[in-house]
Each structure stands twice: as C-alpha cells, then as structure tokens.
Amino acid sequence: MVTFNYRLNVALGDLDEIIGADLFSPSKLYEVLGPTIFPKPNDMVGKDSVIILEPTFGEHRPNVDAVLAYAEGYVLHHYLLFVNTLVESGFDGDIVLAVSSLDDLQDGVEDFLRSCSTCVIYAMDFTCFKDNFQTKVNRTVDNGGKMSFQMCQMDNIYGLPGEDGHAIPVPDPRSGRVVATSRYELYWIWCTKYEANSWIMLVDARDAYFQSNPFVNLPRSIPGTKNGILYFFGENTNATRLGRSVKNRKWLERAYSKEVAENFRDKPTICSGSTMGEQVALQAYLRGMISEWDETHILQKGADQGFHNYLYYSGKLRNIAQIRSIKVFDQGHGIINNLGALRDQKLSSLGAFSLEDKVVYNW
C-alpha cells in the first residue's frame, strides 16, 4: 500500500537531508557504463513509426501535471478511493488510467470515470496467449482483478505512414510479456503527451490513496530546460533488502545474473510502482525500463522491480542526458510512503498511525 502525505511546512532543502544518500548510493562493486539515451520504444517498428494510441475518453492537457496508473479490472470502490482522494487533495492535473475494455468494466465504473472531468481513460484490449504463445485466450481474472502476470501483447498502439497520409496500425513488435511489464510502455506513450517541465507520478492504483496534494512545492525547471529531476521511493529498509527478499533476488538473478543479485544483496529495495519526475527525465527513464525488457526478455511478474533497481544501483542511468539528478527517499520520508513491506506489522506500533485521529503519518 502507498499513501501520500506531504508536510507543507518542510522545505525542500530539509527533505534533501533525509534522503539517505549513503544508504541508497549506487553500487561500487558492480557498475555499468550506460548510454546517453535509450532507444524510443517504437523504433522497433521503424524509424518513421508513430504513436497512434488515443484515449477512449478524456483529453490530455500538455501543460499540466499528471498521475499515471495501470488500473485494469478493479471494482468501483478502488477507483472511488484513488480518484476522489486525489481530487479532494486539491490536485487539478490529469489522472490517466488504463482500464479494462468497456465491455469488461465492473458495474458503475464507466459512469464514474466519465463523470471525472480531469480523467483520461484508455480502455485496453490486450491480445493474450497460453501454451507458450501458441493459443490466443481472453483476459483472465484473479482475486477480483485482471491477471497482471498473463502473457499478452498490445497491438495497434503504433503505426507506419500510409499512402493517404494516415498511419497504418501495426501488430505489437514485441513478443508476449506480462501485462505488469507492458504498463511501462503505456506510461511512456502517455508521458509524451506532456510538456518537458510537467511533473508526473507513476503509481499502482489499487492500494493507493492521497492525504494531500503530492505536487505542492515541487522544484520546477525553467521552461526549455533539456533535463530534469527524478524521485525514487524506497521500501522500509529494516523490513527488506534486495538480497533478503526472495522475490527481489530472483528478479535480479533471472534478468541478469547471480553475480548481480549478490552484489546488490545489501541494497535497500526501491519500489518500481511509485516514481515521480519531470517529464523530460521521466520519459528517458521509461525508455530505459522498456529497453531492459528488450534486452532480458524475462517472463515473470514483478520483473520490472528488478529492472528499476538494476538501472539505479548499477549506475546505468548516470549518463542519460535528460536526467539531471535522481533523489531516492527512504520509506516514510518522501512524498510517497510505501507501506507494502510493513504489511506484517501494525502501523500504530511503528508510530506511523494515530489510533486517536486515524491518520497515517510519513514521519
């Protein structure tokens, strides 16, 4: 679960002091000489290819901030909690969501989302497979939501120029992959709709709610600046490390090697589901996430967390021209508070929840 509660009386300089730079410093044992730019995801279709995916309803406003989330298959109360707490916080930017195809939306969901004047909705129609990609199947359901580990493709999101000037849709150039991994390609496409100095948040919507506007008092680059800031957010360092978590270790081993996992074993886990940044930096990072899948082809739900931690701790993002700086916040000290690693402990025992006023604190 993630919550958002930003203390308005804390200056950005004070936040810098509690980032935990030493704890989250990139590895000195395993370093990668990264590129200055990752390829555009649609280059796999062709250098002259274009993005043709458009919202099912709602419109992007390029000059505003935005929250992007993959939110397919949920029941109404998940959308109510996520959207309403965000709007009630005073946020008036775009809320961009990927949801199920309109025919598959749960009762009341479409009406609610259409009533949201700042929502931009993409009703996705994945092409999914079983039997080692030999048989097409419908999207399947698990625990009340669409399976994010089902192997699927996203056809018709890119196009090639046609003779009449209109783009011709093309099949997904990538092989089937878990939907949880595909969401980063959607994030990149959506990210291109915004101006370079817009701030954008990526977040998992099902277990997130907002206590205050997360975009207040953010540092903003001067328009025209060609690079920007990224914010990453750690899991609780006492509860988990990359080597202590079986899942995190496996993601690194299978995508990269046992050597990589061993070198990163004492590093705190950085959550791939919660990231913020200025558009110019965030879209460059998202290219990197997609590129990691193109290089590893790992077919495992959660592999994106391996990519995320590898990109940071290996220093592979260091040379990316569009990323001016990356700040990693320890759990509980940033705009986003990742609580998932603490699911086995009572928040009140950690001093993070007030039984008296029912408030979750970030400090």
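The values are calculated or read from the model by the stated rules, or taken from the named source; none is laboratory data. Being a predicted model, the structure only gives us computed values, none of them experimental. Don't worry about glycine lacking a Cβ; one is built from the backbone with ideal geometry, like all the others, and counts go over all protein chains shown. Each accessible area value is taken on the protein alone, full model and side chains, heavy atoms only, with ligands, DNA and RNA left out. Shrake-Rupley method; radii C 1.70, N 1.55, O 1.52, S 1.80 Å.
Select from segment 199-226 the residues that are out of contact with any Ser or Thr (no Cβ under 8 Å at 6 or more places or on another chain) and among the polar types (S, T, N, Q) and write down the one among them that is most open to solvent (accessible area, probe 1.4 Å).
To start, the set of residues in segment 199-226 that are out of contact with any Ser or Thr (no Cβ under 8 Å at 6 or more places or on another chain) comprises 199-200, 205-207, 215-226.
Cutting the leftovers down to among the polar types (S, T, N, Q) gives us 217, 221, 225.
Working: N217: 82, S221: 16, T225: 49 Å².
Filtering segment 199-226 for residues that are out of contact with any Ser or Thr (no Cβ under 8 Å at 6 or more places or on another chain) and among the polar types (S, T, N, Q), the one most open to solvent (accessible area, probe 1.4 Å) comes out as N217.
Starting from segment 113-128, take each residue that is open to solvent by 10 Å² or more (accessible area, probe 1.4 Å) and part of a loop (DSSP other than H, G, I, E, B) and list its partners that are modelled with pLDDT under 95 and of a type in the set (G, A, S), counting only C-beta distances under 6 angstrom and pairs at least six apart or across chains.
These pairs meet every condition: D125/S101.
Restricting to segment 159-217, name every residue that is among the β-branched types (V, I, T) and either under 14 Å from Q279 (Cα atoms) or over 18 Å from the mean Cα position of the chain (by Cα) (or both). Steps first, answer last, please.
In the first step, residues of segment 159-217 are kept if they are among the β-branched types (V, I, T); the result is 168, 170, 178-179, 181, 189, 192, 200, 203, 216.
Within segment 159-217, I168, V170, I189, T192, I200, V216 meet the criteria.
Being more than 22 Å from the chain's Cα centre (by Cα) and surrounded by 14 or more Cβ atoms within 10 Å (Cβ to Cβ) is the filter here; which residues of segment 45-72 pass it? Don't jump to the end; show me each part of the working.
Taking segment 45-72 first, the residues more than 22 Å from the chain's Cα centre (by Cα) are 45-50.
Result: V45, G46, S49.
Looking at (1) surrounded by 15 or more Cβ atoms within 10 Å (Cβ to Cβ); (2) assigned to a strand (DSSP E or B), find the lone condition where Y194 falls short.
Y194 satisfies every listed condition except (2).
Name the single residue, out of those in segment 168-196 being in contact with a Gly (Cβ under 8 Å, 6 or more places away or on another chain) and at pLDDT 95 or above, that is farthest from T135 (Cα to Cα).
Kept after step one, since they are in contact with a Gly (Cβ under 8 Å, 6 or more places away or on another chain), are these residues of segment 168-196: 168-170, 180, 196.
Subset that is at pLDDT 95 or above: 168-170, 196.
Values: I168: 26, P169: 22, V170: 20, A196: 42 Å.
By that ranking, first place goes to A196.
From the list P223, P214, P219, pick out the single residue that is at pLDDT below 95 and either outside any loop (DSSP other than H, G, I, E, B) or not β-branched (V, I, T) (or both).
Numbers: P214 fails: at pLDDT below 95; P219 fails: at pLDDT below 95.
It is P223.
Restricting attention to segment 234-262, which residues are closer than 24 Å to M276 by Cα, aliphatic (A, V, I, L, M) and assigned to a helix (DSSP H, G or I)?
L252
What residue, of K316, K301, is in contact (Cβ under 8 Å) with a residue 24 or more places away in the chain, within 16 Å of the chain's Cα centre (by Cα) and surrounded by fewer than 23 Cβ atoms within 10 Å (Cβ to Cβ)? Explain how you work it out, then say what you get.
Values: K316 fails: within 16 Å of the chain's Cα centre (by Cα).
Result: K301 is the single residue among K316, K301 that is in contact (Cβ under 8 Å) with a residue 24 or more places away in the chain, within 16 Å of the chain's Cα centre (by Cα) and surrounded by fewer than 23 Cβ atoms within 10 Å (Cβ to Cβ).
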